[in-house]
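What follows is one structure encoded as structure tokens, with my remarks underneath.
Please treat every number below as a calculation from the coordinates, not as lab data. As the structure is a prediction and not an experimental result, all values here were calculated from the model. No Cβ is skipped: glycine too gets one built from the backbone with ideal geometry, and neighbour counts run over all protein chains shown.
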Amino acid sequence: MFQINADFRLMHPNVKVTNFSADVILQVYEKYSAKANNNTKSFDDEEPDWDKMTTAHITLLKLLPPTAKGRKKSERDGVVSAIDRLILFHKTGTPLDNAPIKTAQPCLLAVGPNKAAISSYFIAVEKKVLPIDATDSSAAFDTLFKCHFVFNTNFDTNLSMYYNFLQEFYYKMESNVRFTARMREVRAWLTQI
């Protein structure tokens, strides 16, 4: 949907996206998660199938996991479930109606023969599947972020730290959200490398 990007530019003409470096995010994850967990598990061990950019977005989500914020345990999801609210893989040839969409908020639906060979992307929102003109995962994630503003939808509560971080750190857009200690920590890590 070229229209999402065009509408976003009209709504926010001064927004310039800072380079989202997959390499930097993956380096930060390896460096700081190994220290915290006393192991040497790399991002390749955990997300072996996705392309590098998708792996970086999933890794950023892992660095900024969902928090309780006073909600009941049943209302918050773990990181694995949050990933499914960010991006879902759907095998080519399977009807899109069968996609296991878990949120009414916008999420990416990546279609291909396997996760490493995605042929098309869609935005799933309110159980509807909309085609987008993204030819790679970088453009798909960019369109996903922008569609929240174009459709005037809130971020999924389980992804709010991730999206608020993208909004302020990469898109340089003002928000009314104060960075949490974890968000400030991740920002410091990303600016040090």
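Taking the beta-carbon count within 10 Å as an exposure proxy, list SER175, SER33 from fewest neighbours to most.
Working: SER175 11, SER33 18.
In increasing order of surrounding Cβ atoms, one gets SER175, SER33.
For the chain, max minus min Cα coordinate along each principal axis, in Å, sorted largest first?
43, 37, 36
Can you sort SER119, SER138 from fewest to most other Cβ atoms within 10 Å of each residue's own Cβ? List each step's numbers first, then the result.
Working: SER119 10, SER138 17.
In increasing order of surrounding Cβ atoms, one gets SER119, SER138.
So which of LYS16/LYS62; LYS102/LYS128; LYS102/LYS127 end up more than 18 Å apart by C-alpha? Let's see the in-between values first.
Working: LYS16/LYS62 25 Å; LYS102/LYS128 12 Å; LYS102/LYS127 9 Å.
Where the Cα-Cα span goes over 18 Å, the pairs concerned are LYS16/LYS62.
So in region 46-193, what percent of DSSP beta bridges are antiparallel if you round to the nearest 5? Don't skip to the answer; put the middle values down first.
Numbers: 9 of 14 bridges.
If I count the DSSP bridges inside region 46-193, around 65 percent turn out antiparallel.
Treat the count of other C-beta atoms within 10 Å as a stand-in for reagent exposure and order ARG85, ARG178, ARG184 from fewest to most.
Lowest count first: ARG178, ARG184, ARG85.
Sequence gap at least 6, Cα distance under 8 Å: using those rules, report the relative contact order of the chain to the nearest whole percent. Walk me through the numbers before you get to the answer.
Numbers: 243 pairs, mean separation 49.8, N = 193.
After rounding, I find 26 percent.
Using only the alpha carbons of region 72-151, what is the convex hull's orientation-averaged projected area in square nanometres? Mind dumping the intermediate values first?
Numbers: hull surface 22.9 nm².
About 5.7 nm², averaged over all directions.
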